[in-house]
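Visitor: Encoded as structure tokens, here's the structure I'll be asking about.
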Amino acid sequence: MSLASLELGENVDRLVTLDVNARGIVRRLYKAARKQVDKPLTFLAAKALVENIGPGDVVVVATGFPLRGWIAPNIGETDGPPGAVVLARALKMGLKAIPVVIAEKGLLNLIYSTCNAIGINAVSMQEAKRSIESEVTMPVAVIKDFPIDLEKAKVETQRILNELDPAALIAVERPGINEKGVYHDLQTFGGIDITPWTAKIDYLFEEFKSRGAITIGIGDAGCDLGMGNIFDFVKAYIPFGSDCRCPCGTGIATVTKTTHTVVSTISNWGAYGLTACMASLLNEQSLLHNAEVEGRILGACASVGGLSPGTEPELIDGADNLPKFTHSSFVELLRMLTVRHIELRKEFSHIGTK
């Protein structure tokens, strides 16, 4: 284990949990999650991927948060898809894995548009396998919808596990079910029921986790898939954790656990932080994106219906009620932090610095 990468992970964790949007919950969520492990959350998740994922391995990345399903199925958040595609690119270019990005059918336009903006080619599984064998490395991803109907979700789960045989599952800003099996939206309405238009991806994670494999949940509230690791804390201390505004009456706290949890102010930032730690462990700064690309992918996501909660009804190219400039600035700060870390490690390698 690289001690320098571990130190970077501490700084990355601090950066991705800076409470810029002043919601007042991220540091509490982080402290609860950090009590369960002895190392930085972003570092541990990155280490699990780097040590266990090899060329040709399939990694499923789930994203998409339905916001206004009662109006139209293609309205989702701009938080989630950008983080998912940045991470998908790092998985392909850094580990030569095959990223398979899944979401509701109605939200796939967000995924396709965001992939195009970062230079990822959407391909079939067969084409993705050929890209692994090719001497020319290029970013590709397989994009698939996942069913909203529970019974169909169970069938799709078995197909994914048996046919794709994934090595890891990652969720970036995905709703997670509560103890009554209900999905909630926290951001705008304080715990309304979004179950009817939400893909039942929790079932896939639960089935996969039972096999003892790697699952990672990246979230910024108590209702995100993976926050089941701190269920009791969310119920007790997070707004609407135990008392939502829907008929279920049991709160937004999700019960779905993952082997690794990454807490961040905005879920995209958690995915970027995980990518930064991968770049450090692999000594490969090309996995990082920059401010210009961040602006492009946020704009691409918003251009096809992605919303930044709190800015409706306008389509604003930001996320979680923060403008594009803030996100681009964050990305540049994270990039510089990681690049300097990698460069200094190279500079002092001759005297034994690890």
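The values are calculated or read from the model by the stated rules, or taken from the named source; none is laboratory data. Only a predicted model underlies this, so the values are computations on that prediction, with no experimental measurement involved. Cβ coordinates were reconstructed from backbone atoms using ideal geometry, including for glycine residues, and neighbour counts include every protein chain displayed.
Visitor: Could you give every pair whose Cβ atoms fall below 7 Å, whose first residue belongs to region 141-157 and is more than 13 Å from Thr195 (Cβ to Cβ) and in contact (Cβ under 8 Å) with a residue 40 or more places away in the chain, and whose second residue is hydrophobic (A, V, I, L, M, F, W, C) and surrounded by fewer than 16 Cβ atoms within 10 Å (Cβ to Cβ), counting only separations of at least 6 or pairs across chains?
Guide: Val142/Met125
Visitor: Then there's this: Within the bounds of region 285-298, is there any residue that is among the β-branched types (Val, Ile, Thr), over 17 Å from the mean Cα position of the chain (by Cα), part of a loop (DSSP other than H, G, I, E, B) and closer than 18 Å to Cys115 by Cβ?
Guide: From region 285-298, those among the β-branched types (Val, Ile, Thr) are 293, 297; that's our starting set.
Checking the rest, the ones that are also over 17 Å from the mean Cα position of the chain (by Cα) come to 293.
This time we only want the ones that are part of a loop (DSSP other than H, G, I, E, B), so: none.
Within region 285-298, none of the residues are among the β-branched types (Val, Ile, Thr), over 17 Å from the mean Cα position of the chain (by Cα), part of a loop (DSSP other than H, G, I, E, B) and closer than 18 Å to Cys115 by Cβ.
Visitor: Quick check on my filter: what residues within region 1-14 are of a type outside the set (Ser, Thr, Tyr) and either part of a loop (DSSP other than H, G, I, E, B) or under 16 Å from the mean Cα position of the chain (by Cα) (or both)? Outline the logic, then answer.
Guide: Going through region 1-14, the residues of a type outside the set (Ser, Thr, Tyr) turn out to be 1, 3-4, 6-14.
Matches in region 1-14: Met1, Val12, Asp13.
Visitor: If you check every pair at least six apart or on different chains, which have Cβ atoms under 7 Å apart with a residue in region 272-296 that is β-branched (Val, Ile, Thr) first and a residue that is crowded, with 21+ Cβ neighbours inside 10 Å and modelled with pLDDT of 95 or more second?
Guide: These pairs meet every condition: Thr275/Val86; Thr275/Leu87; Thr275/Ala90; Thr275/Leu287; Thr275/Leu288.
Visitor: Can you work out which of the residues in region 62-76 that are under 7 Å from Trp197 (Cβ atoms) and not small (Gly, Ala, Ser) is surrounded by the most Cβ atoms within 10 Å (Cβ to Cβ)?
Guide: At the first step, the residues of region 62-76 found to be under 7 Å from Trp197 (Cβ atoms) are 66, 69, 73.
Keeping just the survivors that are not small (Gly, Ala, Ser) gives 66, 73.
Details: Pro66: 26, Pro73: 16.
Restricting to residues being under 7 Å from Trp197 (Cβ atoms) and not small (Gly, Ala, Ser), the top hit is Pro66.
Residues checked against (1) on the phi > 0 side of the Ramachandran plot; (2) buried (at least 17 other Cβ atoms within 10 Å of the Cβ); (3) modelled with pLDDT of 95 or more; (4) among the acidic types (Asp, Glu):
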position	(1), (2), (3), (4)
Leu186	no, yes, no, no
Gly190	yes, no, no, no
Pro196	no, no, yes, no
Lys200	no, yes, yes, no
Phe205	no, yes, yes, no
Ser210	no, no, no, no
Thr215	no, yes, yes, no
Ala221	no, yes, no, no
Asp224	no, yes, yes, yes
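Visitor: For region 105-121, which positions are in contact with a strand residue (DSSP E or B) (Cβ under 6 Å, 6 or more places away or on another chain) and either crowded, with 24+ Cβ neighbours inside 10 Å or small (Gly, Ala, Ser) (or both)?
Guide: Correct list: Leu107, Leu110, Ile111, Cys115, Ile120.
Visitor: Please enumerate the residues belonging to region 160-185 that are under 14 Å from Ile201 (Cβ atoms) and among the basic types (Lys, Arg).
Guide: At the first step, the residues of region 160-185 found to be under 14 Å from Ile201 (Cβ atoms) are 160-161, 166, 169-177, 181, 183.
Scanning region 160-185 gives a single hit, Arg174.
Visitor: Looking only at region 60-89, count every residue that is more than 19 Å from His184 (Cα to Cα) and touching a Pro at 6+ places or on another chain (Cβ under 7 Å) and tell me the total. I'd like the intermediate steps shown before the answer.
Guide: Filtering region 60-89 down to residues more than 19 Å from His184 (Cα to Cα) leaves 60-61, 82-89.
Filter again for touching a Pro at 6+ places or on another chain (Cβ under 7 Å), leaving 60-61, 88-89.
Number satisfying all stated conditions: 4.
Visitor: Using the structure shown, decide if Ile266 is among the aliphatic types (A, V, I, L, M), in contact (Cβ under 8 Å) with a residue 12 or more places away in the chain and in contact with a strand residue (DSSP E or B) (Cβ under 7 Å, 6 or more places away or on another chain). Full working, then the answer.
Guide: Details: among the aliphatic types (A, V, I, L, M): yes; in contact (Cβ under 8 Å) with a residue 12 or more places away in the chain: yes; in contact with a strand residue (DSSP E or B) (Cβ under 7 Å, 6 or more places away or on another chain): yes.
Criteria met by Ile266.
Visitor: Can I ask one more? List the residue pairs whose Cβ atoms are under 8 Å apart, where the first residue sits in region 31-58 and is at positive phi, the second is among the β-branched types (Val, Ile, Thr), and the two are 6 or more positions apart or on different chains.
Guide: As it stands, the answer is Gly56/Ile98; Gly56/Ile132, since those pairs meet every condition given.
Visitor: A further question on this structure: Suppose we keep only residues that are touching a Cys at 6+ places or on another chain (Cβ under 9 Å) and at pLDDT 95 or above within region 50-78. Which one would you say is nearest to Ser131 (Cα to Cα)?
Guide: Selected residue: Val50.
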